[in-house]
1. Residues to consider are ILE672, ILE687, ILE610; find the one that is at pLDDT 95 or above, hydrophobic (A, V, I, L, M, F, W, C), under 31 Å from the mean Cα position of the chain (by Cα) and surrounded by 16 or more Cβ atoms within 10 Å (Cβ to Cβ).
2. Confirm whether TYR506 is touching a residue at least 40 places away in the same chain (Cβ under 8 Å), of a type outside the set (D, E, K, R) and surrounded by fewer than 21 Cβ atoms within 10 Å (Cβ to Cβ).
3. One residue is enough: does segment 267-279 have a residue meeting the conditions in contact with a strand residue (DSSP E or B) (Cβ under 7 Å, 6 or more places away or on another chain) and touching a residue at least 24 places away in the same chain (Cβ under 8 Å)?
4. Among residues belonging to segment 451-504 that are among the charged types (D, E, K, R), in contact with a helix residue (DSSP H, G or I) (Cβ under 8 Å, 6 or more places away or on another chain) and outside any helix (DSSP H, G or I), point out the one that is farthest from GLN527 (Cα to Cα).
5. Read through the list (1) closer than 20 Å to SER611 by Cβ; (2) modelled with pLDDT of 95 or more; (3) in the same structural domain as MET146 (by TED's automatic domain parsing); (4) not acidic (Asp, Glu), then give the number of the only condition that LEU218 fails.
6. Spot the failing condition for ASP579; the list is (1) touching a Leu at 6+ places or on another chain (Cβ under 8 Å); (2) in a strand (DSSP E or B); (3) closer than 19 Å to GLN104 by Cβ, and only one is missed.
7. Do you know which of the residues in segment 681-714 that are part of a loop (DSSP other than H, G, I, E, B) and touching a Lys or Arg at 6+ places or on another chain (Cβ under 8 Å) is nearest to GLY604 (Cα to Cα)?
Amino acid sequence: MVQKLELLAPAGTFETLKAVVHAGADAVYFGGSHFGARAYAGNFTKEEVLEAIDFSHIHDKKVFMAINTLFKEKEIEEQLYTYLLPYYEQGLDGVIVQDFGVLQFIREHFPALPIHTSTQMTVTNVEGARFLANQGASRIVMAREMSLAEIKNIHDSVPVEIESFVHGALCYCYSGQCLLSSMLGGRSGNRGRCAQPCRLPYEVYGKNQKRINDNRHLYPLSPKDLCTIDQIPQLAENGIFSFKIEGRMKRTEYAAGVVSIYRKYMDQYLNYGAKDYRVTKEDSKKLFDYGNRSGFTSGYYNQHNGADMITFDKPSHEKNHENTHIFTESKEKLDGFLTIKKEEPISCTVNGLNHSITVYGEIPLPAQKQPITKDVILSKMQKTGNTPFVFENLEILLDEGLFLPMAAINDLRRQALEQLETEITNAYRRKTPTAYIAKEYTTPKQALQSTAINASVEQESQIEPLLESDLISVIYIDSMVFKRNDIVNKLQQLHEKAKQYQKEIYYILPAIFRKHTSDFYKTILSQMQVDGFLVKSYDALAFLLEQKIAPENIRIDYNVYTWSNQSKQAFSQLGIKGDTIPLELNRKELKDRENEKSEMLIYGYLPLMISAQCINSNLSGCDGIPKVHYLKDRYGVSFPVKNHCMECYNVIYNSKPLLLFSVMDELKKQGIYSFRLAFTTESKKQIDKLLLSCTKGMNQTDDYTYGHYKRGVE
């Protein structure tokens with residue numbers, strides 16, 4: 001049986017933080033005034049963060065701050081250090097990060113501050129977890145889609161704490177792999193401003209534009225809320241240490257109520273083990289009443305996906321206000337020893353939370369009338385009032401015949417509790433780290449002498465026109481192009497043919513690289529004849545590095561984010577050949593970025609979501625056949641959806657292609673040396689036309705988008 005677990009609670013406001021601490025949380029996570037992935041939560045002012053740190057430590061709890069957005073160049077260089085410094089000095093117990101550059105920045109400038117990698121980093125296998133642990137992470141927050149078996153494998157293989165969500169809202173998409181809200185309305189999930197388009201209605205169309213969902217299934221992207229109260233023993237025994245409740249945007253009653261139920265059953269397991277573990281119907285109903293979406297799901301821990309995880313009929317979060325519970329304030333129990341002896345200053349020793357202090361007061365006088373008694377002293381000392389303490393044991397040594405004014409006893413109690421509080425909080429204080437000096441980056445002002453045009457394909461039929469084109473230098477072959485049993489032979493033939501055309505072949509590893517994917521590629525990697533690899537995840541990157549693929553043969557894609565020069569350099573220090581410019585940066589932000597060795601997408605139907613769920617399976621049943629469906633939104637706009645059956649995930653693409661041919665000269669002035677065209681469903685005829693348009697630097701169509709190149713995100 002596991003001996004220790006952590007119950008981690010959300011707090012959108014300081015009021016909620018206090019409530020979840022009193023309800024039994026071991027730790028609390030919250031956002032400050034900047035850089036949190038819940039920009040629309042109440043969040044904390046600087047003063048509230050400082051107070052929250054002390055409040056939590058007085059109650060022997062930990063506090064973690066979410067700075068789990070992606071950082072723009074000026075933010076990481078001009079704001080991050082001064083933002084974190086007072087919280088670091090106050091004793092913040094850890095930070096939750098998404099940005100790899102931020103991870104490296106904190107490790108360098110705040111070395112004593114524990115780093116937890118956010119679920120936004122989409123870690124799904126041992127290699128990815130080991131890579132981030134080696135880079136300085138003390139805790140990995142698992143992707144919500146992980147199974148218990150996968151989590152146990154990481155727990156057994158990597159010496160790092162594992163944190164997983166156990167209750168609350170689920171994203172339809174692998175966290176960190178979603179651009180749907182960003183591309184549709186400019187509200188980026190990577191910046192904490194998701195508009196939740198997954199909770200909107202969609203009609204689904206299949207082959208020959210036949211609609212396959214009725215009006216009772218209009219919300220195919222809306223997951224039910226997660227509830228694992230029945231699975232606490234299994235979660236613990238498969239390696240999860242920190243049980244994380246989602247809900248920084250939920251009301252105080254919800255957060256505290258859910259925490260109280262999980263506290264009860266985690267304690268039941270820790271005290272009595274898994275045998276006879278069960279949850280009462282009354283407590284299950286309480287969780288249901290605190291809030292749910294069309295009921296609950298137990299999530300992905302025991303299944304890869306499924307229609308029973310989706311609300312379909314309505315996306316709303318429903319609650320029963322009749323079940324609101326008022327939580328009483330919890331106080332820390334102390335042991336006290338009070339000495340009142342004649343001709344000596346009175347003294348009070350207080351012990352609690354592994355601290356002990358002694359204070360002294362007045363010298364008692366001989367009693368002229370009624371001497372002071374132990375009962376009177378006890379009644380005064382126990383009036384701890386608004387302090388966070390209460391005396392559990394109080395021993396009084398009193399000489400007879402002495403007098404003390406009540407004010408003297410009250411003052412002694414006040415001094416003792418104040419000094420104990422100060423000693424507890426001071427124990428967490430840190431010294432100011434070495435002064436920070438912003439790095440100076442030199443952004444190229446002139447275009448490089450030569451540029452390269454590359455292309456990626458998702459269909460085998462798209463390869464030939466690219467081989468024949470003098471424009472294309474590198475062809476990226478997506479993992480879906482060849483069937484698994486054909487990959488080695490097809491790549492060998494293609495590689496030999498590409499050499500005749502003086503072109504390079506790169507292989508794109510699957511966007512989601514879980515254990516079954518890693519196990520498969522281990523069997524064929526040494527036989528894959530390619531010039532390099534493009535990776536879309538930390539898992540795939542770490543896999544290649546562990547398999548001794550030379551870093552200079554690896555390029556990272558746009559969703560292994562390099563928004564800032566700090567992030568770009570963090571990967572460069574690993575020897576990685578190059579990166580792909582993130583899709584949410586605009587033209588002004590590109591000017592602040594070092595773009596040498598960066599590639600930029602200038603054409604393609606951009607992936608907006610990568611999900612473990614399957615539109616085809618959930619609505620029509622799994623047949624294991626890759627196909628294209630279309631999601632039509634309330635405005636009549638259709639978004640293609642591909643089911644990648646070999647890896648079992650869906651990709652939702654934008655309705656219009658990104659097209660930046662007309663601004664290529666402007667991009668070259670930013671030092672971008674390499675451009676990429678991403679082909680998904682295009683025919684040979686369409687590809688030839690697009691290559692010609694690219695050569696001319698013209699957007700020869702009206703149906704396209706500039707993406708975020710002109711507008712960017714907040």
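1. Details: ILE672 fails: at pLDDT 95 or above; ILE687 fails: under 31 Å from the mean Cα position of the chain (by Cα).
Exactly one residue qualifies, and that residue is ILE610.
2. Details: touching a residue at least 40 places away in the same chain (Cβ under 8 Å): yes; of a type outside the set (D, E, K, R): yes; surrounded by fewer than 21 Cβ atoms within 10 Å (Cβ to Cβ): yes.
Taking the combined requirement at face value, the residue satisfies it.
3. Taking segment 267-279 as the starting set, the residues that turn out to be in contact with a strand residue (DSSP E or B) (Cβ under 7 Å, 6 or more places away or on another chain) are none.
No, segment 267-279 contains no residue that is in contact with a strand residue (DSSP E or B) (Cβ under 7 Å, 6 or more places away or on another chain) and touching a residue at least 24 places away in the same chain (Cβ under 8 Å).
4. In this case the residue turns out to be LYS503.
5. Single failed check for LEU218: (3).
6. (1)
7. Step one: list which residues in segment 681-714 are part of a loop (DSSP other than H, G, I, E, B), which gives 681-683, 697-704, 706-714.
Filter once more, keeping what is touching a Lys or Arg at 6+ places or on another chain (Cβ under 8 Å): 700, 703-704, 709-710, 712-714.
Numbers: GLN700: 14, ASP703: 12, TYR704: 9, TYR709: 14, LYS710: 17, GLY712: 18, VAL713: 20, GLU714: 24 Å.
Out of the qualifying residues, it is TYR704.
Residue by residue, here is whether (1) farther than 26 Å from PHE165 by Cβ; (2) at pLDDT 95 or above; (3) surrounded by 15 or more Cβ atoms within 10 Å (Cβ to Cβ) holds:
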| position | (1), (2), (3) |
| --- | --- |
| ASP276 | yes, no, no |
| SER294 | no, no, yes |
| TYR301 | no, yes, yes |
| MET309 | no, yes, yes |
| PRO315 | no, no, yes |
| ASN323 | no, no, yes |
| ILE326 | yes, no, no |
| LEU334 | yes, yes, yes |
| PHE391 | yes, yes, yes |
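The values are calculated or read from the model by the stated rules, or taken from the named source; none is laboratory data. Here the structure is a predicted model, which is why all the values come from computation and not from measurement. FYI the Cβ positions are ideal-geometry reconstructions off the backbone, even for glycines, and counts take in every protein chain you see.
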